[in-house]
Amino acid sequence: MLQEIWEPELTAVFVGLAVDEVSDTLGFYHLNPGNRFWELLELGGITPERHITSSERKALTEGHTRGNLSDPIRAMFIQKKTSQLLRCGVGITTMNQRVIAKNDKEKAARPADEDIQHLIRRSVKLNPKILAFVIAPDLFAELFKNRYPDATAALGLQSFSIGNAE
């Protein structure tokens, strides 16, 4: 399971549903070939450049497939990318930290009530400015409606805070 990238007072923490198999295998978030997360962070001006390029993703995948992606090289890559993200004020976590899923549509990826409680406690403790959910909007509304009656499937800013986070 991947370590979350989250320390106190970050500008934004991106919250996914669960870690996918490809990312878990390669050792870092959002490495599934069809995932545009890193591209969108750059396009949105959240990071000054593409944090993980397609060539880095390809090198990690090929290195793993060939069996020549050593643990020290993987650890150095993870440390470098984590440090770069934190310097940009960006964190990453998942709601369901108990399972590795093929994709978000897999039933096992769905967070339990305890997972959501844990996320809320972490947000209160670590005080990010923004929690940005990288999940289907209708699922977001369904998961948070019991705790936050104003939760909607509308994209963008919600009318409630989790801790102090927008």
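So the check is Cβ under 8 Å with 6+ separation or different chains; which pairs have a first residue in the stretch 58-78 that's in contact (Cβ under 8 Å) with a residue 60 or more places away in the chain and closer than 17 Å to Ser23 by Cβ and a second one that's open to solvent by 60 Å² or more (accessible area, probe 1.4 Å) and of a type in the set (Lys, Arg)?
Qualifying pairs under 8 Å: none.
Among Gln97, Gln117, which is open to solvent by 50 Å² or more (accessible area, probe 1.4 Å) and outside any strand (DSSP E or B)? Full working, then the answer.
On the way: Gln97 fails: outside any strand (DSSP E or B).
The match here is Gln117.
For the stretch 37-58, check the following and say yes or no: at least one residue is under 21 Å from Pro8 (Cβ atoms) and part of a strand (DSSP E or B).
no
Hey, can you tell me all the residues within the stretch 136-166 that are in contact (Cβ under 8 Å) with a residue 24 or more places away in the chain and open to solvent by 90 Å² or more (accessible area, probe 1.4 Å)? Steps first, answer last, please.
Of the residues in the stretch 136-166, the ones in contact (Cβ under 8 Å) with a residue 24 or more places away in the chain are 136, 139, 143-144, 147, 162-166.
Selection gives Asn164, Glu166.
Looking at the stretch 48-63 only, could you name the residues that are surrounded by fewer than 16 Cβ atoms within 10 Å (Cβ to Cβ) and not β-branched (Val, Ile, Thr)? Reasoning before the result, please.
Step one: of the stretch 48-63, the residues surrounded by fewer than 16 Cβ atoms within 10 Å (Cβ to Cβ) are 48-50, 53-55, 58-59, 62.
Selection gives Pro48, Glu49, Arg50, Ser54, Ser55, Lys58, Ala59, Glu62.
Hey, Asn68 hits all of (1) assigned to a helix (DSSP H, G or I); (2) surrounded by fewer than 17 Cβ atoms within 10 Å (Cβ to Cβ) but one; which does it fall short on?
(1)
Results for (1) farther than 30 Å from Lys107 by Cβ; (2) open to solvent by 20 Å² or more (accessible area, probe 1.4 Å); (3) of a type in the set (A, V, I, L, M), shown as yes or no for each residue.
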| residue | (1), (2), (3) |
| --- | --- |
| Gln3 | no, yes, no |
| Leu17 | no, no, yes |
| Glu21 | no, yes, no |
| Ile46 | yes, yes, yes |
| Gln84 | yes, yes, no |
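The values are calculated or read from the model by the stated rules, or taken from the named source; none is laboratory data. Predicted, not measured: the structure shown is a model, and the values here were computed from it. When we count neighbours, we look across all protein chains shown, and the Cβ atoms used for this are built from the backbone with ideal geometry, even at glycine. With ligands, DNA and RNA removed, areas are computed over all heavy atoms of the protein, side chains included. Shrake-Rupley method; radii C 1.70, N 1.55, O 1.52, S 1.80 Å.
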